[in-house]
Amino acid sequence: MKTVIEPYRSRVIEPIRMTTREQRERFIREAGYNPFLLRAEQVVIDLVTDSGVSALSTRQWSAMHNSDESFTGSRSFYRFRDAVQRLFGHAFVIPCHQGRAGEHLLARAVVRPGDVVFANTHFSTTRENLEAAGAEVRDLPIPEALDRTNPHPFKGNIDLARLEAGLAEAGNRARMVILTVTDNSRGGQPVAMANLRAAHDLCRRHGVPLWLDAARFAENCYLVKLREAEYAGRSPREIAREMFSLTDGVFMSLKKDALGNTGGLITLDDEAWAEAIRVHLLSSEGIPTAGGLAGRDLEALAVALDEMLDEDYLAYRIASTRRLGEQLEEAGVPVVVPFGAHAVYVDGRAFCPHLVDEQLPAWSLSVALYVHSGVRTWETGNVMQGRQDAVSGVWRWPDFDLLRLAVPRRVYSRSHLDYAAEAVIELLARRSSVRGLRFVYRPPALAQFVATFEPV
Ligand SMILES: Cc1ncc(COP(=O)(O)O)c(C=O)c1O
């Protein structure tokens, strides 16, 4: 059979409220032309993120009913800890309420001003947390990752030659190397095991720890299985175990691949670092056997650490995202290829050639798509990553200005995604009608969440 079906069925449904174009024009104006500031009920299909929005399984609900909400030392924590240790294999397990909280704890605990941190690409919150602790962060993507149309199967790889030179130059200022799997900021592209192994060897030689930002490691592992010949016969779990065995530690948002509505994790081998992190944990997130999570959250996550690596689920997930991407590509929409797993990315600058960077092409496209169809998306581009020089006022724009259609896990059906594809394709036919926007309010950091705009 050619049709890849969802390997689950629905038993609970959540109605979607339909809206008219006129209503949506008003909603987005009232939200300052920022789709983040819309109420969720004003959205028809929500592809703004794949984070914290997964549908829970019957097994997860069942475990949640059985949770232990004791203040400390709950049975639910130990179930979570054991599931983490079985999979990741590191000695210490520190829960926290979401990914960026873990990044904050790690940065505060181990980074000193002047340290250098290398990554394929730091996710925006990781960058903010490391820089706030005084680190200099360096992104080292491979050159192929900078070409939207290059079909390289592992555009999430780190540039090993530049990493080696950087480690040698930074000397004992090199604090850690991070591989973001998959590389969300550059199109959800995976990292090859061969690249991870080579990065591991370089780190060992220079005595620098290798960490993963593992928010989407299961999807990365399945793409390794599909694209890296040596791993074709291995299960996603086996690939994951090998991946983690090459690392000194992992920080992870548990709201993506780990199918959690909330949750974060740090797991590592270094006892001194674990102690330092726990000190900060106690004053910010919570006690070491909860990290700000309820027992029922820990239960849902413990089950998900098993479900997320299910091969039928991962095969379906990759196929459904690829189908969305192929529909857009065939219609001539400028997409990032090859397709990752959690999202399809559209090049805002190529879609809207009539807009200059200051007019925020991908953000403007996101607003136009919402007005046209009620589909909400996320920009990872000029608004999220653009930086203005404090003295000269000159803007530095990122390599890519992308619109991301993120696919929540186990939530939308094939017809929902067909609707989203149709909306983008219809907009392509009238792309010159997409109006540019400019900032009205821009906060100093993480602008996308609170900034407001007006049409140019
Ligand atoms: C790669 C990556 N790292 C870290 C984070 C931050 O995680 P959280 O949203 O749970 O704080 C995200 C969120 O999108 C992410 O994609």
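The values are calculated or read from the model by the stated rules, or taken from the named source; none is laboratory data. If you're wondering where the values come from, they're calculated on a predicted model, not measured in any experiment. No Cβ is skipped: glycine too gets one built from the backbone with ideal geometry, and neighbour counts run over all protein chains shown. Side chains are part of the model used for accessible areas, which takes the heavy atoms of the whole protein and leaves out ligands, DNA and RNA. Shrake-Rupley method; radii C 1.70, N 1.55, O 1.52, S 1.80 Å.
Key figures
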item: Neighbour net charge for Arg349 - beta-carbon separation under 11 angstrom, K R +1, D E -1; result: -3
item: Under 15 Å from the Cα of Lys255 - aspartates and glutamates, other chains or at least 8 residues apart; result: Asp50, Glu103, Asp213, Glu219, Asp297, Glu299, Asp306, Glu307
item: Dipole magnitude of the stretch 316-425 about its Cα centre (Cβ charges: Lys, Arg +1; Asp, Glu -1), debye to nearest 20; result: 560 debye
item: Whichever lysines have a C-alpha closer than 30 Å to that of Lys2, once near sequence neighbours (fewer than 8 apart) are set aside; result: Lys155, Lys225, Lys256
item: Three-way shape call for the stretch 203-273 based on the alpha-carbon gyration tensor, with the a/c threshold at 1.5; result: oblate
item: Share of carbon and sulfur in the accessible heavy-atom surface of the stretch 34-168 [1.4 Å probe, %]; result: 52 percent
item: Accessible-area order (highest first, 1.4 angstrom probe) of the listed residues Glu103, Glu330; result: Glu330, Glu103
item: Mean accessible surface per residue for the stretch 1-103, computed with a 1.4 Å probe while every protein chain stays in place, in Å²; result: 60 Å²
item: Global form of the stretch 322-417, assessed from the alpha-carbon gyration tensor, a/c cut-off 1.5; result: prolate
item: Over the stretch 146-267, relative contact order from alpha-carbon pairs under 8 Å, at least 6 apart, %; result: 23 percent
item: Trypsin sites (Lys or Arg not before Pro) within the stretch 17-63: DSSP coil, no more than 15 neighbouring Cβ in 10 Å; result: Arg17, Arg39
item: Cα shape, the stretch 1-87, gyration tensor, a/c 1.5 rule; result: prolate
item: Two-site label geometry, Val440 and Leu37: point separation in nm, points 7 Å out along Cα→Cβ; result: 0.6 nm
item: Ser74 accessible area, 1.4 Å probe, all protein chains in place, Å² to nearest 10; result: 10 Å²
item: Kirkwood-type radius of the chain, with distances r between different C-alpha atoms, in Å; result: 22.5 Å
item: Lys2, Lys256, Lys155, ranked by accessible area, largest first (probe 1.4 Å); result: Lys2, Lys256, Lys155
item: Relative contact order (%) - the chain, alpha-carbon pairs under 8 angstrom, separation at least six; result: 23 percent
item: Ratio of Rg to Rh over the stretch 68-140 (Cα coordinates, Kirkwood Rh, two decimals); result: 1.09
item: Coil-residue trypsin sites (Lys or Arg not before Pro) of the stretch 368-456, DSSP, other Cβ within 10 Å capped at 10; result: Arg430
item: Fraction of accessible area attributable to carbon and sulfur, the stretch 307-446 (%, probe 1.4 Å); result: 50 percent
item: Accessible carbon and sulfur surface of the stretch 243-290 relative to its total accessible area, %, 1.4 Å; result: 52 percent
item: Added length on full extension, which subtracts the Cα-Cα distance from 0.36 nm per residue, Glu330 to Arg431; result: 34.7 nm
item: Solvent-accessible area per residue for the stretch 144-199 (1.4 angstrom probe, square angstrom); result: 33 Å²
